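The next block holds one structure in the form of structure tokens; read it before the comments.
The values are calculated or read from the model by the stated rules, or taken from the named source; none is laboratory data. What you are looking at is a predicted structure, and each value in this text was computed from that prediction instead of being measured. Neighbour counts are summed over all protein chains in view; Cβ atoms, including those assigned to glycine, are modelled from backbone coordinates with ideal geometry. Side chains are part of the model used for accessible areas, which takes the heavy atoms of the whole protein and leaves out ligands, DNA and RNA. Shrake-Rupley method; radii C 1.70, N 1.55, O 1.52, S 1.80 Å.
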Amino acid sequence: MNCQDFPINANHDIGHFPFSHTFEFALDVLKYLNDDKYKEIIGLTEYKGQLHKFHEMMGIKILKDGLGEKEVADLMENVYTSSNPLDDKIKIAKLIVNSDLDADRLDYLQRDSYYSGAKFGIIDPERIIITMTITPKGYIFPPKAIDDLEHFFLARFHMYSSVYNHPVIEIYNRVMSYFIAFAIHKGLLKIPSNLEEIKTFTDEQVFLALINAKNDNELSHFYFSLVERRKYKRAVLQGSEARTLHKYLTEDEDAKEFYEYILGYKGKVVIGSTELKTSIDNIQIKEKLGKYEYLNNLKEESSVVKPPERFRVHIGVYDDNVAKEISEYFSKNFSITLDFRNLESNP
């Protein structure tokens, strides 16, 4: 089946708010900072079921009510909300749009590798596409495609590990996300209330709020960090410590108490966790044994190098005094020693 049969792929990111995924990090913070504002933003999707990624649900709303693309919107909703759909068309659409080998990933790896100068993401998507067969049960490849698949998954893993989740990028992403949350909380950034306002809700409005924050005693450090580039000091946790803390931060009851403490620093402490995980459950290799053909799951191919799981927690602090207090907090509550880098005195 041809990818062109699914216009959904061209529309799957249409619901992003300013600064893309960084805004969604901001929602994770806003949930603990101002639950009423958080619910107000989530309510813009008008989605009544269990909320998935905000931009996906927002995209469904925009396509349906803003662009009149009800058929595409309904397909998107099924793709993102059906864990085990019965319809073959939806199963195939999920593979094209929302899997570890989807069209978006095949596209952005080579583009980001080119523009970042990193060599990890150099792949040949054509070699993967021309050998690919998409069925409702998953992807099917001939044995000659194994090397290309292995290279793709390792390239993606290392692009995330070394580029997308680089400690400096992670810290600045979190600083911006905390700023967006606090700007909404304090009214410096107005939340759109309808589709017309959503159309003009752009990065420029966030930048304007950031400029205005320079004169706000509680939020001026965001301006100095993001505009004048005064670096946050950063610490990175990996391995078992990061895995345990990641689980803690993603469980609401535990995270609530933690964020109540962290948010008391008004964004002079930022934290974010990342999980690198690759799923190859829906990929099969068509093998031959004499005249017989059979399918073997890629994950069961013992000779294939598969990317490992990797957890990281990035912690940023604005000055030396905060670094000392947060180090004591982590030592006392988690028996974790933080090693902050790029120490310099900020006002």
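Miscellaneous remarks
- Glu275 meets all of the listed conditions (1) surrounded by fewer than 17 Cβ atoms within 10 Å (Cβ to Cβ); (2) over 24 Å from the mean Cα position of the chain (by Cα) but one, namely (2).
This table checks each residue for (1) of a type in the set (Ser, Thr, Tyr); (2) in contact with a Cys (Cβ under 9 Å, 6 or more places away or on another chain); (3) within 19 Å of Asp36 (Cα to Cα); (4) in contact (Cβ under 8 Å) with a residue 24 or more places away in the chain.
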| residue | (1), (2), (3), (4) |
| --- | --- |
| Ile180 | no, no, yes, yes |
| Ala209 | no, no, no, yes |
| Phe224 | no, no, no, yes |
| Val227 | no, no, no, no |
| Thr250 | yes, no, no, no |
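- Every condition in (1) more than 23 Å from Glu197 (Cα to Cα); (2) touching a Pro at 6+ places or on another chain (Cβ under 9 Å) is met by Gly49 except one, and the failing one is (2).
- Qualifying position, being among the acidic types (Asp, Glu), within 18 Å of the chain's Cα centre (by Cα) and open to solvent by less than 60 Å² (accessible area, probe 1.4 Å), among Glu77, Glu56: Glu56
- Counting residues in region 248-266 that are open to solvent by less than 70 Å² (accessible area, probe 1.4 Å) and over 22 Å from Val175 (Cβ atoms) gives one or more.
- Set Asp36, Asp102, Asp107, Asp88: member being of a type in the set (Asp, Glu) and open to solvent by less than 40 Å² (accessible area, probe 1.4 Å): Asp102
- For region 1-41, the tally of residues that are of a type in the set (A, V, I, L, M, F, W, C), in a helix (DSSP H, G or I) and at pLDDT 90 or above stands at 8.
- The strands (runs of 3 or more DSSP E) located wholly in region 256-346 that include 1 or more residues which are under 20 Å from Phe224 (Cβ atoms) and in contact (Cβ under 8 Å) with a residue 60 or more places away in the chain occupy 269-276, 310-317.
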